[in-house]
Amino acid sequence: MPAKPLMIGGTTSHAGKSWMTTAICRHLRQRGFRVAPFKAQNMSNNSFPCPGGGEIGRAQVAQAEACGLEPHPDFNPILLKPNSDMGSQVVLHGKVWRNLRAREYYTHFDFLFAEVLAAYERLSARFDYIVIEGAGSVAELNLKSRDLVNLNLARAVGAPALLVSDIDRGGVFAAIIGTISLLEPWERDLVRAFAVNRFRGDPSLFTDGVGLLEARSGKPCLGVFPYLKEFTIDEEDGVSIEGRSASASDVAIIRLPRISNLTDFRLLPDAAWVTRPLHRQFSTVILPGTKSTLPDLAWLREQGLDRWIQAQHTQGARIIGICGGYQMLGNEILDPLRSDSEIEAGLGLGLLPARTVMAGEKTTRAVRARTASGHEFAAYEIHMGETATSCAPFVSVEGKPEGACTDNVIGTYLHGALEDEHLLSDLLGRPVTAGPSKEASYDGLAAWFAAHANLQRFEEEFL
């Protein structure tokens, strides 16, 4: 029998679709079902390599983990990695396909939708349930004719949809009632219930609100889900750091315009996110990964952050560069194939004796690394360039030197290195609190769902 699908759609971006999808995945797995996640199209620079090759979005990696599965390209057949305000690198089935502007991308709709359905069918043959995550809002009127990730997909595979809205943002009545009123009759039929997410306070005070929403929308409420602070999952995009500024932390992270792999900093929730020079000294300054190194390096100079980082180093700060940030710390970056951007070459910050040449093929792999003291940790690489350096390595990978380390400056291609509690504590010179494990977080999300959902309604409408 093919898998039974259900879709988690949203009234807006960042409504909590990824959380709800992860929670339901774990809930179904705990009940003994074979369950897999699916997101047809994801726009994110936060990705992770699959063991069999290729990369997918981090939210689908978390959902796979919640299902007890290793990441696979079929869970996220299309990954759009923005490299400008108008275009993205298109990763299809885990591999770089093309760099396209938005208007060009939509000319390939028929082909891409067929590829999405093929990936879904492969999963459908292997699992009992597939939990599909939508993207943005299910009522984007200008995009609905080219929708391959929301209700067009739900109709194609026969999936009932749960509509999730974030009450913490405000406007939940307009969001839910307005969204449903904008849907075509066939779309409204697919939406079986709504969920009010991120509620703060006593939910009994919102009983009248639920009644009003049900009456005006014509749809039942699956549940009012409280704001959950105890557990976290890997974030899909940069919305999670919007509004963060320079805190009192002694660690600064440069917030690059095309920043990637924010999960590198999950153990640094209080770090100061910096977009301009600040009149204070930090003990550590981190240059994160980026989808487009040379354009972000140009931005760095426009802000005066190049001189600021060099001054921070002169005054004693440790500078750490990850992936694209590592490339920026060197002397020179060359991109003869224009694989990174339209910029062909640029001078780095000169803090490491290193030279990077961008390549046509992307490196995507999970690795085990070892420090000079013998500590082992898991990490992964996702990059287009190769960097040559004459200084000591940061660590070793499979017995080979990796990265660069000199004069209180560290560069590495290893995403995930700073997610290792022991290594990060050593680099910062102070203890770091790791928080709940991923498995505990997934179990916590499942318990959150089971405690606040109308499970009888969930069975009737979705299973």
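Please check the chain for the longest run free of GluC sites (Glu not before Pro) that are loop-located per DSSP (anything but H, G, I, E, B) and have at most 15 other Cβ atoms within 10 Å.
My reading of the result: 1-139 is the longest stretch.
Just for region 243-428, what percent of DSSP beta bridges are antiparallel, to the closest 5?
Roughly 60 percent of the DSSP beta bridges within region 243-428 come out antiparallel.
Okay, helix-only estimate at 222 nm for the chain: each DSSP H run of n ≥ 4 adds -39500 (n - 2.57), divide by all residues, round to 500 deg cm²/dmol; what do you get?
Computed mean residue ellipticity for the chain: -8500 deg cm²/dmol.
Determine the sum of side-chain charges near Leu445: Lys and Arg each +1, Asp and Glu each -1, restricted to other residues whose C-beta is under 12 angstrom from that of Leu445.
That works out to -1.
How many nm separate the modelled label positions at Thr107 and Arg169, each set 7 Å beyond the Cα in the direction of the Cβ?
Roughly 3.3 nm, to one decimal.
Restrict the search to region 138-233; then list the chymotrypsin sites (Phe, Trp or Tyr not before Pro) that DSSP places in a loop and that have at most 15 other Cβ atoms within 10 Å of their Cβ.
Of the chymotrypsin sites (Phe, Trp or Tyr not before Pro), the ones in loops of region 138-233 whose Cβ has at most 15 other Cβ atoms within 10 Å are Tyr227.
Taking the alpha-carbon centroid of each part, what is the distance from region 1-59 to region 391-411 in angstrom?
Each part's Cα centre sits 35 Å from the other's.
Distance between Cα centroids, region 443-463 to region 247-283: provide it in whole Å.
Taking the Cα centre of region 247-283 as reference, the centre of region 443-463 is 37 Å away.
Mind checking the dipole of the chain: about its Cα centre, +1 per Lys or Arg Cβ, -1 per Asp or Glu Cβ, Debye to the nearest 20?
Computed about the Cα centre, the dipole is about 300 debye.
Straight-line reach only, C-alpha to C-alpha below 27 angstrom: list the lysines that Lys4 could link to, leaving out same-chain residues fewer than 8 apart.
Lys17, Lys39, Lys144, Lys219, Lys438
I need the semi-axes of the equivalent ellipsoid of region 331-463: take the C-alpha gyration tensor, multiply each eigenvalue by 5, square-root it, list largest first in whole angstrom.
Largest first, region 331-463 gives 39, 23, 13 Å.
Report, in degrees rounded to the nearest 10, the 0 to 90 angle that the Cα long axis of helix 305-314 makes with the longest principal axis of the chain.
That works out to roughly 60 degrees.
What is the P(r) of region 100-145, as percent of Cα-Cα pairs per 5 Å bin from 0?
5, 15, 18, 24, 19, 12, 6, 1
Find the Rg to Rh ratio for region 134-223, where Rh is the Kirkwood radius over alpha-carbon pairs and Rg uses the same atoms.
0.98
Quick check for me: using +1 on Lys/Arg Cβ and -1 on Asp/Glu Cβ, what's the dipole size of region 243-428 about its Cα centre, in debye to the nearest 20?
The calculation lands at about 340 debye.
Rg(Cα) of region 243-428 divided by 2.2 N^0.38 Å?
Expressed relative to 2.2 N^0.38 Å, the Cα Rg reads 0.95.
Only four residue types carry charge here, +1 at the Cβ of Lys and Arg and -1 at the Cβ of Asp and Glu. Report the dipole size of region 88-144 about the Cα centre in Debye, rounded to the nearest 20.
I would put it at about 240 debye.
For region 1-60, taking Cα atoms only, what is the radius of gyration to one decimal and the Dmax to the nearest whole Å?
In order Rg, Dmax, the Cα atoms of region 1-60 give 12.9, 36 Å.
If you fit an axis through the alpha-carbon atoms of helix 293-302 and take the longest principal axis of the Cα set of the chain, what angle between them do you get, 0 to 90°, nearest 10?
Roughly 70 degrees, rounded to the nearest 10.
Calculate, in nm to one decimal, what Ser204 and Gln30 gain on full extension: separation in residues at 0.36 nm each, minus their alpha carbon distance.
59.8 nm
Once the dipole of region 243-428 is set up with Lys and Arg at +1 and Asp and Glu at -1 on Cβ about the Cα centre, which of Gln327, Pro288, Ser373 lies farthest towards its positive end?
Selected residue: Pro288.
Note down the relative contact order for region 243-428 as a percent, whole number, built from C-alpha pairs under 8 angstrom at least six residues apart.
19
If you stretched the chain out fully between Ala248 and His14, how much longer would it get, using 0.36 nm times the residue separation minus the C-alpha to C-alpha distance?
Extra length from Ala248 to His14 when fully extended: 81.6 nm.
Throughout, read-outs are computed from the coordinates displayed, never taken from laboratory work. Only a predicted model underlies this, so the values are computations on that prediction, with no experimental measurement involved. Neighbour counts run over all protein chains shown; Cβ positions are idealised from the backbone, glycine included.
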